[in-house]
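The values are calculated or read from the model by the stated rules, or taken from the named source; none is laboratory data. Owing to the predicted nature of the structure, the values given are computational and were not obtained by experimental measurement. Here the Cβ is made from the backbone with ideal geometry for all residues, glycine too, and neighbour counts use every protein chain on show. Each accessible area value is taken on the protein alone, full model and side chains, heavy atoms only, with ligands, DNA and RNA left out. Shrake-Rupley method; radii C 1.70, N 1.55, O 1.52, S 1.80 Å.
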Amino acid sequence: MPPARVSEEPIVPAEVATAAAYAQSAAGSDPDVALMLRVQSGDHAAFQELFRKLSPRILQYARRFVGSEARAEEVTQDVFVQVFRFRHRYRPESRLATWIYTIATNLCLNELRRPERHLKVDIWDRRDAEDRTEGPQLRDPDAVNPEEGAAARELARQLEVAVGELPPKQRAALLLSRVDGLAYRDVGEALGCSEGAVKALLFRATQTLKKSLRDYL
């Protein structure tokens, strides 16, 4: 009786093979995941590319969350330090953007808990400083008269102030969902709560904003 044939291919546990197949599928459908997998493999150029691609979105989110350009820049740097430090914790079962926004949200919440955050928040600090004397540039100056332009700018300013006064989790839910466009599921993952809780946070935030802005609407 001839000896049993031994396969030359390594035996891979089913769960490992499934995870590998999922990772390949996710990487093929999401270029951000593909970048992160390269980062996990030690590709520093991929990390730089990931930073250039996603840091503007995180900076904008952090600025609106903490209300300060300087602090938002610090938070954004810290976010990507943690992304690199804990890169091997990421699993492609979740969207990369959701994972990074989770880190950003936690750091923003920590920033708001700092004792000095009870001081005045510099919502407009150093943003567009070179243009501030002339005011925001309108796309079509001829289409909007000065009164309408001033009213629109005042509404935008009051909206940002009102968002900055929301409780932190309501603010995070509003920014993640309405500004950054994350699905309720992803917002819930970032905040560590259910989709139902996200909807409740958004409802309360929306009602508060309506009351705050009723004189401008």
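Do we have Gln170 as open to solvent by less than 40 Å² (accessible area, probe 1.4 Å) and part of a helix (DSSP H, G or I) here?
yes
Please state which one of Glu134, Glu116 is open to solvent by 30 Å² or more (accessible area, probe 1.4 Å), of a type outside the set (Gly, Ala, Ser), at pLDDT below 95 and assigned to a helix (DSSP H, G or I).
On the way: Glu134 fails: assigned to a helix (DSSP H, G or I).
Unique residue meeting the criteria: Glu116.
Could you give every pair whose Cβ atoms fall below 8 Å, whose first residue belongs to the stretch 39-52 and is closer than 13 Å to Arg87 by Cβ and open to solvent by 50 Å² or more (accessible area, probe 1.4 Å), and whose second residue is at pLDDT 95 or above and polar (S, T, N, Q), counting only separations of at least 6 or pairs across chains?
No pair meets every condition.
How many residues, within the stretch 77-95, are under 20 Å from Ala45 (Cβ atoms), open to solvent by 60 Å² or more (accessible area, probe 1.4 Å) and not in a helix (DSSP H, G or I)?
0
Any chance you could count how many residues in the stretch 39-76 are closer than 21 Å to Val179 by Cα and outside any helix (DSSP H, G or I)?
2
Would you mind stating whether Gly196 is in a helix (DSSP H, G or I), out of contact with any strand residue (DSSP E or B) (no Cβ under 8 Å at 6 or more places or on another chain) and of a type outside the set (A, V, I, L, M)?
Yes.
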